[in-house]
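The structure appears right after this line, and notes come after that.
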Amino acid sequence: MRRKSVKFLPLIFTCLAVAATAQTVTLKVETGKTGVVQPTMWGIFFEDINFGADGGLYAELVKNRSFEFTQPMTGWTLKESSKFSMNSASGDLSIIKTSDPSSTNAHFARATLHSENSFTLTNEGFRGIGLKKDNAYTFSVMARQQAATPVKIQIELQDTTGHVLAQATIEPSGKEWKEYNTKLISSKTEANGRLAVKFIGKGVVDIDIVSLFPQDTWKNRPGGLRADLVQLLADMKPGFIRFPGGCIVEGFHLDTRYQWKKTIGDPKQRELMKNRWNDEFKHRPAPDYFQSFGLGFYEYFQLAEDIGASPLPILSCGMACQFNSAELVPIDELDPYVQDALDLIEFANGSTQTTWGKIREQMGHPGSFNLKMIGVGNEQWGPQYIERYKIFAEAIRSKYPDIKLVSGTGPFPEGELFDYAAKELKTLKADLVDEHYYQKPEWFFKNAGRYDNYDRSSYKIFAGEFAAQSVATVSPENKNTWLCALSEAAFMTGLERNGDVVYMASYAPLFAHTQGWQWTPDLIWFDNLSAYGTPNYYVQKLFSTNKGTNLASVTLDGKAVEGQQNLFASATWDNNTSEVIIKIVNAAETPTQTDIQLDTKRKYSPTVKGTMLANSDPNSVNSIEKPKNVSPIDYTVQMKGSKLLLILPPQSLVVLRFKGKV
Ligand code: AHR
């Protein structure tokens, strides 16, 4: 974060000049209210959409490493040499499918060279392979020889023109499958690199699970996650992480739903599946989008633990996506789905003496993952959902009464489907109910008071998926503009002010590959070399890292600040740091002079820490080239007694921290 003294901030300087003439708005802050800010309040929503997992967070650089895509050569290209042509007397490369019905990895590649020769197989990666100068990469492959004379394998990292950036050779031996590894160091940074696998000699060699990982992964875990992307998440200090989605939980059909049990164990043996976002949108087809599940449920729990977030898995409730096939599991066949939920709780929390706790231990985590909540279905609606939810709730509550259940009101934040689910879930004494809002910025400004009059005798709210849409929901023209982010900030002051009823909130979706996305807007964008947070990311981060522990209030003329004079505000108290934290959104196109008056319960240090996120152009965005175009600026200002006179820049979010003197 940039840090500046207030006198160097041109924007605030300009504003100070205005101050003499502008009308002053008085904001009064009261601490000592009852009610806490939930530690889970601000979290993250993860889904494997936009190449968020494979090609994104999961750092594997080889696409279709096991030749299991529907078209087994997807991502791979054969290069014949002048002396070698395929399907001729020279030899060939074939994809072989074994018939073992229990195999999760039935295909492998066989290179046959009839005489001393060579040919090359290249992998294009996920829209290229990102390579960084002097960084080390681990290549690994399963291989076996099938003829009397061995075939050597030369590995190359190449730039976009085929120039070699690193090279190594492996010499597989024997007829049994064995894993071979080698390290490669790239001599150049290349965003669009590729991996070349060159077969040299005379003979027959089989290969499978051809893999390339950067050694610089999160916590340097071999086969781990992209460090820069996890760092962006960790920097948010999220209260929870929801996974694995989203619609991906539900599947287009029931048999393509997300099944957590298929995503644990040896990552290389996890059964691959077509990603549901592969062909969801005709306007953004992604025929090469599959799920390898290298990032599976064990890794999700591990990630949650690493970044200090409470895990929130969401499971299929026996309903395929109602926007797609809407297939339903008959009620009398729902047991395996319910059992999956019970087993997942055991996998996360059970002792190592239990069946699933033992598997967790075998994977390297004997201790509990401290699971406290679980979601039943993603974005379901109608009586069919309520009927199924009841069965899950009964089973989970009777075996695990301390686990909180997350249910949902469907895809829309109002209307018939919403009203029906809300009424039923209240009757069922639901714990946490997931509401989704993909709306225009105006909706977010207008709905900042949405929870002020919510029924306090009903369930708690999980604002599970929200994002302001600059054009329209699902429009490929949507951008992560500053105006969108500002409107979300205004709405979030309302969530925070109602922290007694809103327990959790997350922006969605989280990640998008700049060349491989299907859905926009998204919180964090990345290419094969770098990543950036959108203005929306900085809003989320500012709220999350300035959460506080207890509710406080900020009022304008005795009323909650939810749009009067274009201002939106919320306040909390932090017991750990003895600070009052105020967040103010000025949605006006002009600066606003405020007189912030704190209650006199305690004395305050005269130096107030401020952070400002602002931009004079509501359409401004961040990008790979200008990642910090809209980003926070830290500064300090001086207050007198318990009052602070402050000019709020136009279209700004300002966070202030007032230190209470002990
Ligand atoms: O966030 C993208 C999609 O929006 C999610 O998968 C789904 O839950 C919602 O419709």
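The values are calculated or read from the model by the stated rules, or taken from the named source; none is laboratory data. Since the model is a prediction, treat every value here as computed from it, not as a measurement. Every residue, glycine as well, gets a Cβ built from its backbone with ideal geometry; the counts of neighbours run over all protein chains shown. Note: accessible area is taken over every heavy atom of the protein model, side chains too, but ligands, DNA and RNA are not part of it. Shrake-Rupley method; radii C 1.70, N 1.55, O 1.52, S 1.80 Å.
Just a few scattered comments:
- Averaging the Cα positions of each part gives two centres, and for region 293-354 and region 81-106 these lie 37 Å apart.
- Hits among lysines - C-alpha to C-alpha of Lys390 under 17 Å, sequence gap 8 or more where chains match: Lys399, Lys404, Lys423, Lys426, Lys429
- Split the accessible area of region 258-406 by element, probe 1.4 Å, and carbon with sulfur accounts for 50%.
- Taking 1.002 mPa s as the viscosity and 20 °C as the temperature, the Stokes-Einstein diffusion coefficient of region 537-639 based on its alpha-carbon Kirkwood radius rounds to 139 µm²/s.
- In the context of the full set of protein chains, region 407-446 has a per residue accessible area of 46 Å² (1.4 Å probe).
- Put a dot 7 Å past the Cα of Lys426, heading toward its Cβ, do the same for Ser578, and the two dots end up 4.3 nm apart.
- Net length gained if the chain between Ala472 and Tyr180 were fully extended (0.36 nm per residue, minus Cα distance): 100.2 nm
- In terms of the mean number of neighbouring beta-carbon atoms within 10 Å, the peptides 307-316, 601-610 order highest first as 307-316, 601-610.
- Förster radius 51 Å - calculated FRET efficiency between Ile95 and Thr545, Cβ distance, rounded to 0.05: 0.55
- Per residue, the accessible area of region 451-591 comes to 26 Å² when a 1.4 Å probe rolls over the protein heavy atoms.
- Once the Cα-Cα distance is subtracted from the 0.36 nm per residue extended length, the Asp455 to Ser623 segment shows a gain of 56.3 nm.
- In the structure shown, the pairs Lys268/Lys372; Lys63/Lys188; Lys97/Lys202 are assessed against 27 Å; a Cα-Cα span above that value is assigned to Lys268/Lys372.
- Amide H partners (placed H, <5 Å) of Ile241, local residues excluded: Ile44, Ser310, Leu312
- What you get for the chain, charging only the Cβ of Lys and Arg (+1) and of Asp and Glu (-1), is a dipole of about 2240 debye around the Cα centre.
- The calculated FRET efficiency for Gln231 paired with Ser85, based on their beta-carbon distance and R0 = 35 Å, is about 0.15.
- Length-normalised contact order of the chain in % [C-alpha pairs under 8 Å, at least 6 apart]: 17
- Kirkwood analysis of region 347-471, using all unique Cα-Cα pairs, places the hydrodynamic radius at 16.4 Å.
- Put simply, the C-alpha atoms of region 250-299 give a gyration tensor, and the ellipsoid matching it has half-axes of 22, 12, 8 Å, longest first.
- Accessible area (Å², per residue) of region 173-275, counting only protein heavy atoms and a probe of 1.4 Å: 40
- Computed from Cα positions, the angle between helix 335-349 and the longest principal axis of the chain comes to roughly 80 degrees.
- The chain: translational diffusion in µm²/s, Stokes-Einstein, Kirkwood Rh over Cα pairs, 37 °C, 0.692 mPa s: 123
- Descending semi-axes in whole angstrom, ellipsoid equivalent of region 513-587, from the Cα gyration tensor: 33, 17, 8
- Nonpolar atom fraction for region 535-642, defined as the carbon and sulfur part of the 1.4 Å probe accessible area, stands at 45 percent.
- Residues His163 and Lys282, FRET efficiency given R0 of 35 Å [Cβ-Cβ distance, rounded to 0.05]: 0.40
- About the centre of its Cα atoms, region 157-237 shows a dipole size close to 60 debye [charges on the beta carbon of Lys, Arg (+1) and Asp, Glu (-1) only; nearest 20 debye].
- In degrees, nearest ten, helix 482-497 long axis to first principal axis of the chain (Cα): 60
- Restricted to Cα atoms, region 42-194 shows a radius of gyration and a Dmax of 17.0, 63 angstrom.
- Working ranking of peptides 183-196, 412-425 by packing, defined as the average number of other Cβ atoms within 10 Å per residue, highest first, is 183-196, 412-425.
- Cross-link partners of Lys640 among aspartates and glutamates, defined as those whose alpha carbon lies under 19 angstrom from its own and excluding same-chain residues fewer than eight positions apart: Glu30, Glu579, Asp595, Asp599.
- Per-residue packing, averaged as other Cβ atoms within 10 Å, sorts the ranges 95-105, 42-52 into the order 42-52, 95-105, beginning with the highest.
- Extension gain from Asp599 to Ser616, taking 0.36 nm per residue of separation minus the Cα-Cα distance: 2.9 nm
- With each label modelled as a point 7 angstrom along the Cα→C-beta vector, the Glu414-Ser368 pair spans 4.2 nm.
- Per residue, the Cα convex hull of region 422-574 amounts to 124 Å³.
- Structure note, pairs Lys237/Lys603; Lys446/Lys479; Lys446/Lys609; Lys446/Lys559; Lys175/Lys198: Cα-Cα distances above 25 angstrom occur for Lys237/Lys603; Lys446/Lys609.
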